[in-house]
1. List, please: which pairs have Cβ atoms under 8 Å, are six or more places apart or on different chains, and start with a residue in segment B:32-50 that is closer than 17 Å to B:Ile77 by Cα and at the interface with another protein chain (Cβ under 10 Å from one of its Cβ atoms) and end with one that is surrounded by fewer than 19 Cβ atoms within 10 Å (Cβ to Cβ) and of a type in the set (Phe, Trp, Tyr)?
2. Please verify whether segment A:178-188 includes one or more residues that are assigned to a helix (DSSP H, G or I) and in contact (Cβ under 8 Å) with a residue 12 or more places away in the chain.
3. Among the residues of segment B:51-65, write down those that are more than 7 Å from chain A (Cβ to nearest Cβ) and on the phi < 0 side of the Ramachandran plot.
4. Quick one: A:Leu143 ticks every box in (1) modelled with pLDDT under 95; (2) assigned to a helix (DSSP H, G or I); (3) away from chain B (no Cβ under 11 Å) except a single one, so which number is it?
5. Would you mind stating whether B:Val10 is within 26 Å of A:Val172 (Cβ to Cβ) and either within 14 Å of chain A (Cβ to nearest Cβ) or surrounded by 19 or more Cβ atoms within 10 Å (Cβ to Cβ) (or both)?
6. Here are some conditions: (1) farther than 17 Å from A:Glu154 by Cα; (2) surrounded by 15 or more Cβ atoms within 10 Å (Cβ to Cβ); (3) out of contact with any strand residue (DSSP E or B) (no Cβ under 8 Å at 6 or more places or on another chain); (4) touching a residue at least 40 places away in the same chain (Cβ under 8 Å). A:Gly222 meets all but one. Which one does it not meet?
7. Inside segment A:1-97, counting only helices (runs of 4 or more DSSP H) that do not spill past its ends, which hold 1 or more residues that are surrounded by fewer than 18 Cβ atoms within 10 Å (Cβ to Cβ)?
8. Only one of A:Asn103, A:Asn68 is at pLDDT below 90 and farther than 22 Å from A:Pro29 by Cα. Can you tell me which?
Amino acid sequence: MTWLPFRTRAAHAFQREAGRLAALFLVLPIAFILRVLMRYHIRDVSRVRTRYRALVKESDCPILICPNHLTMMDSAVIALALGGSWWYLFHYSRIPWNLPEYNNFASQWPTRIGAWLTKCIPVIRGGRREDVSRVIKRVQYLLSRGDTALIFPEAGRSRSGRVEADSVGHAVGRILTSVPGCRPLCVYLRGDRQRTWSTIPARGDSFYIDFQVVEPQSEHSGMRRSRDFSKQIIERLVCMEEEYFAGR
Amino acid sequence: MTRDEIFAKVIEIVRPFVKNEDALVAVTDDTNILEDLKVNSSRLVDIILNFEDEFDIEVEDEDADAVNTVGDAVALIEEKLS
């Protein structure tokens, strides 16, 4: 298991338990906002949930969700699509830990508290290497405990509206190579009215979602192995995007 | 290999990834690779892998985490070569 100082582990334990309590009051309202106020519709959601729940039931392995990234609501929509609000109330550990950009979600107290209660670990993308590394180690630790986490391999919303293979970060591969048994789950999510990137999806949008478990391979070790894993994840997302557009 | 030779090679390796070419003219040990040279953070791994190939060294993730400036990169390579 990834080593973390006692203070950091204690902080995580506190955040987890506070979040567990807050989930009773937050999960259903968040689902209400997405479904009723924003009128988001996820196509074939029951099929997606059945598949995801079967995957979770299949083994206790940690899951690293690796989605494409177009809006700031992606992680919430994906979490809702995969698990469902009621299911999360009984499977709290399966609410994914999320790594939002600090400047978007944690630079002001109200959003910082909200992010903290909803299992977020803010990160400054492109920030000091030591700081980013500290966050990666925290995710490694949480996954090695059997939790679920969500990281966008592109490390930012795609400006072109398509999966940008060239902008793949190192974090995903680094986490996957360091957490034994961790299963990467590539998720492709797209609203029908989503042309490029945006802050939030259009109200009333209908979403396509699909996921695939990937088993990355590499003959290398160290950083090359991590890079190979990251590349295979992003390449799978590119393929899933091609399938999406081919099926339209 | 002298420190100056390592420094020069480091600059050559970093050059293709630099977006702020002006900063390369006055590059020093304290020049920050991401902030000053405007290298995309996701490309830093490619740079470090190029260091591995060029200097025939192996860099672990933890070592790479300490590379913020050109001087950090030179110091890391010096340490690995010694």
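1. B:Asp46/B:Phe17
2. First, the residues of segment A:178-188 that are assigned to a helix (DSSP H, G or I): A:178.
Right, trim to in contact (Cβ under 8 Å) with a residue 12 or more places away in the chain and you get A:178.
The answer is yes; a qualifying residue exists.
3. At the first step, the residues of segment B:51-65 found to be more than 7 Å from chain A (Cβ to nearest Cβ) are B:51-57, B:62-63.
Listed by number, the residues that qualify are B:Phe51, B:Glu52, B:Asp53, B:Glu54, B:Phe55, B:Ile57, B:Glu62, B:Asp63.
4. The failed condition is (1).
5. Values: within 26 Å of A:Val172 (Cβ to Cβ): no; either within 14 Å of chain A (Cβ to nearest Cβ) or surrounded by 19 or more Cβ atoms within 10 Å (Cβ to Cβ) (or both): yes.
No.
6. Going through the list (1) farther than 17 Å from A:Glu154 by Cα; (2) surrounded by 15 or more Cβ atoms within 10 Å (Cβ to Cβ); (3) out of contact with any strand residue (DSSP E or B) (no Cβ under 8 Å at 6 or more places or on another chain); (4) touching a residue at least 40 places away in the same chain (Cβ under 8 Å), A:Gly222 breaks only (4).
7. Numbers: elements: A:6-32, A:45-58, A:74-82, A:85-90.
It comes to A:6-32, A:45-58, A:85-90.
8. Details: A:Asn68 fails: at pLDDT below 90.
Going through A:Asn103, A:Asn68 in turn, just one is at pLDDT below 90 and farther than 22 Å from A:Pro29 by Cα: A:Asn103.
The values are calculated or read from the model by the stated rules, or taken from the named source; none is laboratory data. The structure displayed is predicted, hence computed values, not measured ones. Positions of Cβ are generated from backbone atoms using ideal geometry, with glycine treated the same way; all protein chains shown enter the neighbour counts.
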